[in-house]
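The values are calculated or read from the model by the stated rules, or taken from the named source; none is laboratory data. Computed from a predicted model, the values in this text were never measured in an experiment. Backbone-built Cβ (ideal geometry, glycine too); neighbour counts: all protein chains shown.
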Amino acid sequence: MIKERVREAMVGEGAPGETAPPVVRLEGLCKAFEEGGRQRVVLDKVDYQFDRGQFVVLLGHSGSGKSTLLNLISGIDRPSEGHVSVLGTRITALNERDRTLFRRDHIGFVFQFFNLIPTLTVLENVTLPQELAGRARRELEPTALRLLDRVGLADRRDAHPDKLSGGEQQRVAIARALAHDPLLVLADEPTGNLDDETGERVLALLLELTRDAGRTLLMATHNPDIAPRADRVLQLHDGRLVE
Amino acid sequence: MMVSIDLANGSARRAFALSTDAITGKATHRVAGGPTGLDEAVYRDIRVAAGFSPAAPVVEGYVGVPELSGQPLRLVGIDPFAEPPFRDYFAPAAGGANGGSLDASALTTFLTEPNSLIISADAAAEAGIALGDTLTVNVAGREIAARVVGLLRPADDVSRRALGGIVFTDIASAQEMLDLRGRLSHIDLIADDEAALAPIAALLPPDASIETAAARQNAVQQMTAAFEFNLSALSLLALVVGMFLIYNTVTFSVIQRRPLFAVLRMLGATGGQLFALILGEAVLLALLGSLLGLGLGVLLGRGVVGLITQTINDFWFAVNVQGVSVPPSSLIRGLAVGVGAALLAAIVPAIEAARTAPQSTLRRSTLESRIRRLLPWLVVAWAALTLAGAALLWLRGGGLFTAFAGLFAVLIAAALLAPPLTDVFMRLVAPLTGRLLGALGRLAPRDIIRSLSRTSIAVAALMTAVSVIVGVSIMVGSFRGTVIEWLDQTLQADIYVSPPNVTANRVIGALAADAVATARTWPGVARAVSSHTVQVQLPQFGRLVQLVAVDGDVSNGNRPYAWVRPDLGDDPWPALMAGEGVIISEALALKENLPTPPPDITLPTAGGPRDFPVLAVFYDYSSDQGSVFIGDATYRTLWDDARVSAVGLFVEPGQPVDEVTAALAARFAGRSDVLVQSNEALRRGSLEIFDRTFAITSALRLLAIIVAFIGVLSALLSLQLERARELGTLRATGMTRRQLWGLTLLETGLMGATAGLMALPVGYALAWILVYVINVRSFGWTLTMDLRPEYFIQALLVAVGAALLAGVYPSIRVGNMEIASAIREE
Ligand SMILES: Nc1ncnc2c1ncn2[C@@H]1O[C@H](COP(=O)(O)OP(=O)(O)O)[C@@H](O)[C@H]1O
Ligand SMILES: [Mg+2]
């Protein structure tokens, strides 16, 4: 599988030399939206690459295109022009189904509004992506429970999301994003909907589980206070990405 | 749908009323005779001896005129000189402003030339018939040439339309054609009050009586009342299912605009204003929809009217419907009902809109928890309503109205049970589907439970529709089975000889005497039984029934009886032949609510009314009008009528039935007034009529399914709107498009299965009510319920199939959604 190959290429051989592909590579990426008959360019020829194990903060005011960029990287959306490669796979060349499968296997996503599935319990939410990949729940549960334990919610495994606080929900969402052990985690304003203190705790947890575990975390936020903790800070401005 | 049935019903009824009116004209009373009519001398007596005027003699009967119309027509023999006070289109053509419909020369020809006809100018123009053309008048198979000598152009529209179904001739020709020499059908009178009629009453023969024009019309219309009522109930049902649809649609539009409403609320719109907005929209849409429905209804009505007319012609009397008339009242009623129903159905979603909180995200779950709290109460409501329905059904003397009220109560109660049952069923299947299908199998039932306010409405709509299908299928199937068995038992003779019928199910007219004699003595025939059917009005009940004079049992003792007087053993036939009394049909006993044992039946004989003890009650599925069997000898002496309308022949044992039948048919070849039918052909004919009668129910079944289908579809679409973010998340976290299709179809499939499972008992209950209550009360027929697994399997398949089909579009739609937009975080 791609996953093994990639991991070998990156981790197994140790140093991220020329052989290891960057986690994310953006090439001439453009995204424009049709708006009342006029083109509105949100991303304008973005070229960039993110390396393994980094915590990259994507800053930009509201409407600058942060979410759009994350959606393009995860393959949820398609660019108007240019290419996105993730872990050496050019996902913009994949068809819809393969993009979905790639996302399911290699990318974790954390949303601003948590987006847990209300009909599933905490534990089921965490195992869902892998269950969709056809794995049996029983074999997934130990890992999922370990993760829930890491985020401090093992005792709430059978609760439904609407019984949890915002911070707790986001912690479940983090567990879900990490359950399939992705190398790349995308977080779109994960603390945007939480109070400062809770946001701080969630951020710490997220960093602990991603960067500290050798994963790449790409996090969009409009909050500049987070910037100091990042390995790299990118600013999205007028469709351009600047350090 | 409702409009169309209303229109078609109305058209048939009006066509009948019109033609009755056109014939009754301004008459207030009529002198009516027995089965063979009145002696024409009575008319002379009325005019001369009693000195009464105005009075007009009428001879009438049903005939076919193929050149003019495919439907049976009324041949009416009149005396043009006596006519003007009654029917103004016969007023002299003195050149009055609007009276000049016939010219004098036409009248002269009419009087002097035998077999001359006057028909409506419109009907003639439509059929391409000109003055002077010769038409074929078919009277019970005899064909008589007649010439058109006059065209009627009544000034008013009403008469013009009515006249389309009538052919006029002179009294003498009518008597000749209809084989009523020296007889009159009735005499029309105009009297200011009853007192003026006293001298006439004094000189009438015992078998004649004076009745008001209205009473007569009532007796005739009563025959089809039950049929029409049934049709109306069916259209009401369509309306109920339609209301689900409106509910779903309005709900959909409310959900779609919830963000907008939230903003409006924040800007200061009150809940009341939103409520008014939604209701206003509903009214507007309902107006539009109803107008469209009216248009469609009129179109459909044209189609349905044929079916209804055919049925009425088959069973009760000849109606000639000239197109569908569209009276404003029918349209207004359709419009009012449409808008009313829409308003009613829109109230809940309007309340929902009114309660939109300024921040819209929380709404859904609060509504759902409200539904959840409602669940136990729904069960209570179901029990109460079902009990009420059962009570209504139990009410014996309740008649059709309470029976249908009971039926609807049971059906609506069942719909109330849909939310709690859907809930329970989903909880039951969740572990199973979860085990079998993994995550999707776990998600689907929970999603259904979570959005119970949407899903259970769809389930209820589908369940209602499928129950109706099951109920009607079982009813029709049972009915058919009962009729087949009854035909098997009752029609035992091998060959049947009768005049061909203008209408399919009733014998009108009589066989020529030589044909009767030939048939009776045909070589190879062991035994012959004859019957003669006439229509009489029972003075006891004011009901028109068929009086059948029989000289032997065509069923050879196999006829099933509902009741036989205990002292007669199980065969009342010998007593009947001995003239000890009459045998009445179950329809008569049930419709008049006769006790067991039934009281004596009064029959209007030529010598005046006479009581006859009832020997037995027999099953008769050929007519719901009520029949009375009387011994042939008794009839002949009391009514002085020698005619025979049908002969049944039993072939000698050992003789080849087919050959005897063929030989007899060959003997009558070329005679259009004699029809020889084998036992099998007769049975087949009867079943054809049966199937034609129920053809309209299949249209209804289809309609129910379509409406339910749209119900499920719109429920799914509104659900998807509500769950857009959730579905987007599923896709973002790795659900493939195919898995999402699977999820959607699994959900609709589960909803369909729930509806289908619920529809089994509910459909059975409906069938039970239809068979044992509605049918008994409307037609007086007791049927044997015939349960076959097909009906239930079919119901399940239909429910799941319709639901899956309804899921196709939503699942494609949801598959193509833009994930990015669905999960956008604003
Ligand atoms: N589906 C869409 N159609 C049209 N415009 C869009 C769509 N998605 C995003 N946009 C526009 O693109 C711009 C960037 O949006 P977004 O990436 O959500 O910004 P951010 O996440 O930085 O706040 C906004 O101006 C937004 O209006
Ligand atoms: Mg954003």
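If you go through region B:427-453 and pick out every residue that is touching a helix residue (DSSP H, G or I) at 6+ places or on another chain (Cβ under 7 Å) and away from chain A (no Cβ under 14 Å), you end up with 2.
Once region A:175-189 is narrowed to residues that are outside any loop (DSSP other than H, G, I, E, B) and within 11 Å of chain B (Cβ to nearest Cβ), the residue that is nearest to ligand 1 (Cβ to nearest atom) is A:D188.
A:F33 passes every criterion in (1) more than 12 Å from chain B (Cβ to nearest Cβ); (2) near ligand 1 (Cβ under 9 Å from one of its atoms); (3) farther than 20 Å from A:P190 by Cα apart from (1). Residue count for region A:75-89 satisfying the condition of being touching a residue at least 24 places away in the same chain (Cβ under 8 Å) and within 11 Å of another protein chain (Cβ to nearest Cβ): 3.
Highlighted here are the helices (runs of 4 or more DSSP H) found entirely within region B:712-793 that include at least 1 residues which are of a type in the set (D, E, K, R) and under 32 Å from the mean Cα position of the chain (by Cα): B:775-779. Checking each residue in region A:184-195 for being away from ligand 2 (no atom under 16 Å from the Cβ) and crowded, with 24+ Cβ neighbours inside 10 Å picks out only A:V185. The condition of being within 31 Å of the chain's Cα centre (by Cα) and part of a helix (DSSP H, G or I) holds for only one of B:F275, B:F252, B:F244, that being B:F244.
The residues of region A:190-242 that are more than 13 Å from A:Q54 (Cβ to Cβ) and either touching a His at 6+ places or on another chain (Cβ under 7 Å) or in a loop (DSSP other than H, G, I, E, B) (or both), listed by number, are A:P190, A:T191, A:G192, A:N193, A:L194, A:D195, A:H222, A:N223, A:D238, A:G239. Out of curiosity, is A:P129 closer than 30 Å to B:N816 by Cα and more than 8 Å from chain B (Cβ to nearest Cβ)? For A:P129, the condition - closer than 30 Å to B:N816 by Cα and more than 8 Å from chain B (Cβ to nearest Cβ) - is not met.
Residues in region A:64-74 that are farther than 15 Å from A:L183 by Cβ and either within 13 Å of chain B (Cβ to nearest Cβ) or away from ligand 1 (no atom under 15 Å from the Cβ) (or both): A:G65, A:K66, A:S67, A:T68, A:L69, A:L70, A:N71, A:L72.
Inclusion of B:S456 among residues that are crowded, with 20+ Cβ neighbours inside 10 Å and either away from chain A (no Cβ under 14 Å) or of a type in the set (A, V, I, L, M, F, W, C) (or both) is warranted.
Tell me, please, whether a residue that is within 23 Å of B:A724 (Cβ to Cβ), among the β-branched types (V, I, T) and either away from chain B (no Cβ under 14 Å) or outside any helix (DSSP H, G or I) (or both) can be found in region A:157-174. So far as region A:157-174 goes, no, none of its residues is within 23 Å of B:A724 (Cβ to Cβ), among the β-branched types (V, I, T) and either away from chain B (no Cβ under 14 Å) or outside any helix (DSSP H, G or I) (or both). Quick check on A:L94: is it under 16 Å from the mean Cα position of the chain (by Cα), more than 11 Å from chain B (Cβ to nearest Cβ) and surrounded by fewer than 23 Cβ atoms within 10 Å (Cβ to Cβ)? So A:L94 fails the test.
The selection criterion, being surrounded by fewer than 22 Cβ atoms within 10 Å (Cβ to Cβ), among the aliphatic types (A, V, I, L, M) and modelled with pLDDT under 85, does not hold for B:V472.
Would you check if there is a residue in region B:26-48 being at pLDDT below 80 and part of a helix (DSSP H, G or I)? No, because not a single residue in region B:26-48 is at pLDDT below 80 and part of a helix (DSSP H, G or I). Sub-8 Å Cβ pairs linking a first residue in region B:723-741 that is more than 8 Å from every other protein chain (Cβ to nearest Cβ) to a second residue that is charged (D, E, K, R) and assigned to a helix (DSSP H, G or I), at least 6 apart or interchain, are B:R723/B:D447; B:L740/B:R731, ordered by first then second residue. What do you reckon, is B:T697 under 30 Å from B:A578 (Cβ atoms) and either outside any strand (DSSP E or B) or modelled with pLDDT of 75 or more (or both)? No, not satisfied. Annotation note: of A:K31, A:K66, the sole residue that is within 24 Å of B:G728 (Cβ to Cβ), out of contact with any helix residue (DSSP H, G or I) (no Cβ under 9 Å at 6 or more places or on another chain), crowded, with 20+ Cβ neighbours inside 10 Å and not polar (S, T, N, Q) is A:K66. Looking only at region B:783-826, residues that are more than 16 Å from ligand 1 (Cβ to nearest atom) and either touching a strand residue (DSSP E or B) at 6+ places or on another chain (Cβ under 7 Å) or aliphatic (A, V, I, L, M) (or both) come to 18 in all.
Is it the case that A:L148 is more than 14 Å from chain B (Cβ to nearest Cβ), in a helix (DSSP H, G or I) and at pLDDT 85 or above? Answer is yes for this residue. A Cβ distance below 7 Å, combined with a sequence gap of six or more or placement on separate chains, defines the contacts here; from region B:801-826, residues that are in contact (Cβ under 8 Å) with a residue 60 or more places away in the chain reach residues that are within 16 Å of ligand 2 (Cβ to nearest atom) and of a type in the set (K, R) in the pairs B:A822/B:R725; B:I823/B:R725. Can we say B:N775 is away from ligand 2 (no atom under 16 Å from the Cβ), within 14 Å of chain A (Cβ to nearest Cβ) and either among the polar types (S, T, N, Q) or out of contact with any helix residue (DSSP H, G or I) (no Cβ under 6 Å at 6 or more places or on another chain) (or both)? Here the answer is no, as B:N775 does not meet what is asked. Going through (1) within 16 Å of ligand 2 (Cβ to nearest atom); (2) surrounded by 22 or more Cβ atoms within 10 Å (Cβ to Cβ); (3) under 20 Å from A:I91 (Cβ atoms) one by one, A:L26 falls short only on (1).
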